[in-house]
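The values are calculated or read from the model by the stated rules, or taken from the named source; none is laboratory data. This structure is a prediction, so every number in the text was calculated from the model and none was measured. Accessible surface is based on the protein model in full, side chains and every heavy atom, while ligands, DNA and RNA are left aside. Shrake-Rupley method; radii C 1.70, N 1.55, O 1.52, S 1.80 Å.
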Amino acid sequence: MLNIIGAIVSGLIVGALARFFYPGPVEMGWTMTILLGIGGSLLAGLVTASRAPGGIGGGVNRAGCLASVIGAIVLIFIGRLLGWHL
């Protein structure tokens, strides 16, 4: 149960940071912001897991948080490229 709450809180933080740093307005509700942050974290985790010596589950670090925000920004860009209203 605590893992789910942690994923929601970190998803909210990552999603909010991605919306803040993305150029231009990104209108979405809290639920979509949380899902965006979780999706960005998953995308960054999949990309970096092959390069990390410890694999997935190495704990929280600054590089992982930055990669999660960048992953969420990439998801916003891809969503707009596909015509979704993000």
Of every hundred units of 1.4 Å-probe accessible area on the stretch 1-49, the number belonging to carbon and sulfur atoms, as a percent, is 79 percent
Here the convex hull volume per residue of the stretch 1-52, taken over Cα atoms and given in Å³, is 80 Å³
Subtracting the Cα-Cα distance of Cys65 and Leu46 from 0.36 nm times their residue separation yields 5.5 nm
